[in-house]
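The values are calculated or read from the model by the stated rules, or taken from the named source; none is laboratory data. Values in this document were obtained by computation on a predicted structure and should not be read as measured data. Here the Cβ positions follow ideal geometry from the backbone for every residue, glycine too, while neighbour counts run over all protein chains shown. Calculation scope for accessible area: heavy atoms of the full protein, side chains included, ligands and nucleic acids excluded. Shrake-Rupley method; radii C 1.70, N 1.55, O 1.52, S 1.80 Å.
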Amino acid sequence: MFRDVNLFKTIALYFRGNFNSIKVLVQKRTFLNIHRTSKILVNNGYLILNKKYLSNDPFPSVFSIGVNSSLIVNNTFFIYSGARISINDNAKLILGSGYVNHNLSLSCYKEIEIGNGVAISENVVIRDSDNHVIKNSNRLSSEKIKIGDNVWIGMNVTILKGVTIGEGSIIAAGALVNKDIPAKSLAGGVPAKVIKSNVEWS
């Protein structure tokens, strides 16, 4: 099923059947590609797609949900304009509460979980798969990503497969996260390393 809502300023989509009693607010210039076997569940609040700071924001977003895939939204979550989000076949995306600023690139092939109170800045890449396998290697091509509660992710950060970012952590702008980050840590660099522990932010 494909829904082009380019002509609408803001619409509310209520999916039935395979979709469980949800509210998804879709702003203009959002392109949806939702397979009939996929499932969406919003437990509380809303999912707001392609939110705009300015009424004349020209940047589109693309949101795709593949075969037998699922999206679970536990609280209100905002995704700003310019996003490219793909939940591929048999994959799961779990969103808590918070927001993602402009130009998110999220590719989910297995499972990505984002907690509550999360702030994600502009131009962030989150990808749980390499999409290729290195021969004679025991590493899986796809591994779950988990971003804990109250995490702040700076601009131009890349988060790769198999990573857990602990609760309350800060990821500095431009970092490449390819290993776990403990809770309440400030991490930065390529690859990202812990710079400071026991940090707090608001």
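What the table shows:
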{"quantity": "Cα convex hull volume per residue for the range 110-187 (Å³)", "calculated": "77"}
{"quantity": "Ranking by accessible area, most exposed first, for L71, L186 with a 1.4 Å probe", "calculated": "L186, L71"}
{"quantity": "Proportion of all alpha-carbon pairs of the chain beyond 29 Å (%)", "calculated": "23"}
{"quantity": "Difference of contour (0.36 nm per residue) and Cα-Cα distance, K179 to Y53", "calculated": "42.0 nm"}
{"quantity": "E167 accessible area, 1.4 Å probe, all protein chains in place, Å² to nearest 10", "calculated": "110"}
{"quantity": "N44 versus K193: modelled label distance in nm, points set 7 Å from Cα along the beta carbon direction", "calculated": "4.0"}
{"quantity": "Reachable lysines, given that their alpha-carbon falls under 28 Å from the alpha-carbon of K161 and they are not under 8 places away in the same chain", "calculated": "K39, K51, K92, K110, K135, K144, K146, K179, K184, K193, K196"}
{"quantity": "Spin-label model distance (nm) - V67 vs D89, 7 Å beyond Cα toward Cβ", "calculated": "0.4"}
{"quantity": "Radius, Kirkwood style, for the range 65-168 when every pair of distinct Cα atoms is counted (Å)", "calculated": "13.8"}
{"quantity": "Approximate spin-label separation N136-D149, in nm, with each point projected 7 Å along Cα-to-Cβ", "calculated": "4.7"}
